[in-house]
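A quick write-up on the structure given underneath.
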Amino acid sequence: MWSRAQSFIDRLLDLQDGCEGEAALLNERFLSLQRQIPWLYGLLLANITGLSISLRDEANSVLNAANFLALMIVGRLVYWIRIRNRVLQQDRVKSELRKTFIVTALLCAAYCWWSLARYHAGDEEARVHIVLFASLAAIGCSFGLSAFVAASRLPLLLIALPISLELLSDGEIAHVGMGASLVLLILLTIRLTSLQNERFTLLVHSRFDVELERRRATVAEATANEEKSRAREIANTDALTSVPNRRAFLASLEALTQTDQSSIAVAILDLDGFKPINDTFGHETGDQVLIEVSARLKQIVTHGSVARLGGDEFALLIPCNDGAEAVAVCEQAIGRISEQFVFGRRRLSLSAAAGVCFTATDAREIAQSLRRADIALYQAKRAGRGQVQLFVEGMDADLQRRTSIEQALREPGVQNGIDLAFQPIVDLRTQELQSFEALARWRHSEFGWISPGEFIPITERISGIEQISDALLARAVAQAARWPASVHLSFNLSAVELCSANSAEKILRIITQGGLDPVRLQVEVTETAFLTDFEMARSNLAQLRSHGIKIVLDDFGSGFASISYLREMAFDAVKLDGSLIISAGKGAGLPLLTGVLSLCEAVGLPCIAEHVENRSHLEMLQGLNCRYGQGYGLGRPMGADAAEHFAWSAPARVKDLFQQVAA
Ligand code: C2E
Ligand code: CA
Ligand code: CA
C-alpha cells in the first residue's frame with residue numbers, strides 16, 4: 001500500500017530513476033539543490049526577519065508563529081549545510097527529495113497562513129509590505145528550487161497565488177491591479193522555471209550521453225588492448241606446446257642484446273627418433289610427444305626459458321656462469337627426454353642431441369649465439385645419438401669449409417673433376433699383384449686436395465654419391481680392362497649405393513659396358529653400410545656375387561666388428577683396418593691382430609691387411625699367415641698410367657717392392 005502510494009508520489013514528483021540516465025538526472029537535481037537550498041533558506045530567513053521587523057509595531061502572539069517559522073528554517077538550513085558536500089545513495093536522494101517537497105509545502109503553507117493573517121489584521125502600508133515580501137519570497141524560492149520542478153511550483157501556488165487571489169477579491173482597483181500583475185508574474189515564473197528545468201534536463205542528459213560515450217570508448221579501448229595483447233601472445237606462442245615460438249625466442253635474444261645482463265647460454269636441442277614415431281603412430285601421438293618433451297624441458301630449465309623453434313627442435317636459454325654448466329643442464333635435459341614416454345599402453349623412446357653456445361655479456365656475441373648453437377648441434381649430431389656439443393672457436397670455419405665443399409659437390413659435372421688413384425694389393429705368399437684399389441682424388445678450387453674420407457661422406461649426405469660413383473666406376477673399369485687378366489679391380493661401394501634398390505643391376509651394366517669380366521671386380525663394403533638397410537644390402541650383394549663379383553668386408557676391426565655379419569653375409573675376403581696393423585706393429589695390438597686373423601681363418605675368409613708401411617709390418621703379417629697386403633710400403637696410390645705400367649711389369653715389380661721393403 002505504502003509502496004504504491006510512494007511510487008505514485010514519485011511519479012508526481014518526477015522522481016523515477018528507471019534507467020541510468022534518469023538516475024543521473026536525479027543525482028544532478030539533488031546536487032544542484034544541495035548547492036541552492038542553503039541560500040534559499042538564507043533568503044527566506046532574511047525575508048521573514050525583514051517582514052517581522054516591518055510589522056514589529058503590531059507585535060502580537062501571531063508574531064510567535066514567525067519565530068517558529070524562522071526556527072524551522074534555521075533547523076533545515078543547518079541540516080542542508082551539513083549534507084551540502086555529501087554524496088548520497090539513490091534511495092537516500094529520493095527520500096531527501098520527498099522530504100524537501102513536504103517541508104517546502106509545510107513551510108509555504110505556514111508562511112501563507114501567517115502572511116494572510118497579518119494581511120487581514122494590518123493597515124494599508126502593512127498589506128503592501130506583506131504583498132511585496134510574500135511575492136519576493138515565493139518567486140525567490142521558486143527559482144531556488146528550479147532544479148526540482150514539482151517543489152518549485154509550491155511557493156508560487158501556496159504563497160503567491162493565495163495572496164494574489166486575496167488582492168483580486170478585495171474589490172479595490174489598485175489591489176485588483178496588483179493581484180492581476182502578481183498572477184502574471186506567477187505564470188511567467190512558472191514558464192521560466194519550466195524552461196530552465198528543460199534546459200537543465202537537456203544539459204544533464206547530454207552530459208550523461210557524453211559520459212556514456214566516453215565510458216563506451218574506454219571499454220572499447222580496453223577490449224582492443226586486450227585483443228591486441230592476446231594476438232601478440234598467439235603470435236609469440238607455439239600453438240601445440242604453449243611454449244614461446246621461434247619468433248618469441250629471437251625477440252628475447254634481441255632483448256638480451258639491449259640489456260646489460262649476466263652471462264647466458266643458448267642451446268638448440270634436436271630430437272632423435274621423432275620422425276619414425278610420427279610416421280608410425282600418427283601425428284596425434286607425435287603431438288603428444290612434443291607436448292610432453294616441452295613439459296620435461298621446462299622441469300629441467302627452471303631458471304631460463306624453453307622455446308620450440310619448429311618441428312622437433314627446441315631452444316633453451318640458460319643463465320649460467322660457464323659453458324660446462326650449460327652442457328650439464330643439456331645433458332640433464334637429454335637424460336629426461338630419454339626416459340620412456342607412456343601414452344596409455346604405448347611406450348615410446350626418444351633421444352636428443354644438443355648444441356650449446358655460451359656467451360658472456362657481449363651483445364654482438366649474443367646475437368650470434370643461436371647460429372653458433374646450431375653449428376654445435378650439427379657437430380653433436382655427427383658425433384652420434386644423445387650427444388651435447390659446446391660451440392668452440394673454429395667450428396665456424398669447419399662448417400664454412402663443409403658448406404663450400406657441399407656447394408662444389410652439387411655443381412653439375414663435378415665427377416669430371418674427380419680423379420682416380422690406384423693402390424696395389426699384393427699376395428704376400430706369391431709376391432704377385434692381386435689387384436688395384438681405386439681411390440678417389442679431388443682437387444677443390446679453394447681448398448686444394450680434399451681426401452675422399454672427407455668429401456665422400458658429404459656426397460653421401462647430399463645424395464650425389466651415385467652420380468659420382470657411377471662415373472668413377474666406369475673410369476676404373478675402363479682402366480682395369482687394360483691390365484693383365486689376373487689383376488683385379490677393387491672398388492669401394494658407399495652405404496647409400498649398397499642400400500639403394502637396383503644398384504647391383506647398375507654396377508653390372510657399367511662393367512659389362514666397360515668390357516670387364518665380372519670375376520675381375522671386387523667391391524669393398526663397410527659394416528656400417530648394413531645398418532641402414534640390411535635386407536637391401538644383402539640382396540644387392542647376393543646379386544653381384546651371383547655374377548662372380550667378389551665381396552670384401554672393409555675396415556674390419558675399426559668399428560663394431562660384429563661377428564654376426566661374417567656369419568649372415570656371404571663375403572669373399574675381409575680387409576683388416578689399418579689401425580690393427582699399426583698397433584700390432586707397435587707390439588701392444590699383436591694379440592688382437594692374431595685373434596682377428598685366426599677368426600677369419602676359422603670362417604674360411606682370406607684377409608687383406610691395410611697400411612702395410614714397412615718391413616716389420618710385412619714380416620709380421622707374413623709370419624701370421626695373412627694372405628694379402630696393401631700399404632705405402634707395398635705401393636702408394638698412383639695415377640692410371642703408372643698403375644697400368646706397374647700392372648704389366650709385375651710380378652717383377654712386386655718382387656722388387658718386396659726386396660725394397662725387406663731391405
Ligand atoms: P679405405 O677404403 O680404407 O682406403 C684406404 C685408405 O688408406 C686410402 O685413403 C689410402 O690412401 C690410405 N692408405 C693406403 N695405404 C696406407 C698406409 O700405408 N698408411 C696410411 N696411413 N694410409 C694408407 P684415401 O684414399 O684418403 O681414402 C679414404 C677413404 O675414402 C677410403 O678408405 C674409402 O672408404 C673412401 N673412398 C676412397 N675412394 C672412394 C670411392 O671411389 N668411392 C667410395 N665410396 N669411397 C671411397
Ligand atoms: Ca677400401
Ligand atoms: Ca679400409
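The values are calculated or read from the model by the stated rules, or taken from the named source; none is laboratory data. All figures in this text were calculated on a predicted structure; none of them were measured in a lab. Don't worry about glycine lacking a Cβ; one is built from the backbone with ideal geometry, like all the others, and counts go over all protein chains shown. We work out accessible area using only protein heavy atoms, side chains counted, and drop any ligands, DNA or RNA first. Shrake-Rupley method; radii C 1.70, N 1.55, O 1.52, S 1.80 Å.
Here the stretch 575-663 has an Rg and Dmax of 13.7, 40 Å, counting Cα atoms alone. Only helices enter this figure: runs of n ≥ 4 DSSP H residues, each worth -39500 (n - 2.57), summed and divided by the residues of the chain, yield -20500 deg cm²/dmol at 222 nm to the nearest 500. Maximal additional length on extending the residue 211-residue 254 stretch stands at 11.2 nm, based on 0.36 nm per residue less the C-alpha distance. Excluding same-chain neighbours fewer than eight residues apart, no lysines are reachable from residue 655 by a Cα-Cα span under 17 Å.
Shown here for the stretch 282-376: GluC sites (Glu not before Pro) in loop regions (DSSP other than H, G, I, E, B) with at most 16 other Cβ atoms within 10 Å, namely 339. For residue 419, the accessible area of its heavy atoms, probed at 1.4 Å with every protein chain present, is near 80 square angstrom. The loop-placed GluC sites (Glu not before Pro) in the stretch 92-175, going by DSSP, that have at most 11 neighbouring Cβ atoms within 10 Å of their Cβ come out as 172. Here the stretch 116-232 was treated as a single set of alpha-carbon atoms; its pair distances binned every 5 Å from 0 give 2, 11, 16, 14, 10, 9, 6, 5, 5, 4, 4, 4, 3, 3, 2, 2, 1, 0 percent.
R0 = 30 Å: FRET efficiency of residue 2 with residue 202, Cβ-based, nearest 0.05? The formula returns an efficiency of 0.30 here. Taking the DSSP beta bridges with both ends in the chain, the antiparallel portion is around 60 percent. Semi-axes of the equivalent ellipsoid of the stretch 276-327 are 27, 10, 8 Å, computed as sqrt(5λ) over the eigenvalues of the C-alpha gyration tensor in descending order. The alpha carbons of the stretch 448-579 stretch over 38, 38, 31 Å along the principal axes, in descending order. Full extension of the chain segment joining residue 482 with residue 340 gains 45.2 nm, where the gain is 0.36 nm per residue of separation less the Cα-Cα distance.
Taking all protein chains as shown and a probe of 1.4 angstrom, residue 381 keeps an accessible surface of around 90 Å². To the nearest 10 degrees, how steep is helix 124-144 against the longest Cα principal axis of the chain, on a 0 to 90 scale? For 124-144 against the chain, the angle is about 10 degrees. Applying the criteria of a DSSP loop state and at most 16 other Cβ atoms within 10 Å to the trypsin sites (Lys or Arg not before Pro) of the stretch 418-503 yields 429, 482.
Computed from the alpha carbon atoms alone, the convex hull of the stretch 1-146 holds 114 Å³ per residue. Using a simple spin-label model with pseudo-atoms 7 Å out from Cα toward Cβ, residue 562 and residue 247 lie 4.6 nm apart. Computed from the Cα positions only, the extents of the chain along the three principal axes stand at 170, 52, 48 Å, in decreasing order. Against the main long axis of the alpha-carbon atoms of the chain, helix 652-662 sits at an angle near 70°.
The convex hull drawn around the Cα atoms of the stretch 257-303, when projected onto a plane and averaged over every direction, covers 4.6 nm². Using the 1.4 Å probe convention, the accessible area of the stretch 150-281 works out to 58 Å² per residue with neighbouring protein chains retained.
Listed by chain and number, the lysines placed with their C-alpha closer than 21 angstrom to that of residue 550 are 506, 575; residues fewer than eight positions away on the same chain are left out.
May I ask for the Kirkwood hydrodynamic radius of the stretch 296-408, worked out over all distinct Cα pairs and given in angstroms to one decimal?
On the way: mean 1/r = 0.0661 Å⁻¹.
Evaluated on the stretch 296-408, it is 15.1 Å.
With both labels modelled 7 Å from their Cα along Cα-to-Cβ, the residue 406 to residue 190 distance reads 9.8 nm.
Residues of the stretch 76-129: accessible area per residue at 1.4 Å, in Å²?
I get 54 Å² per residue for the stretch 76-129.
Taking the 1.4 Å solvent-accessible surface of the stretch 568-663 as the whole, the part contributed by carbon and sulfur is 54%.
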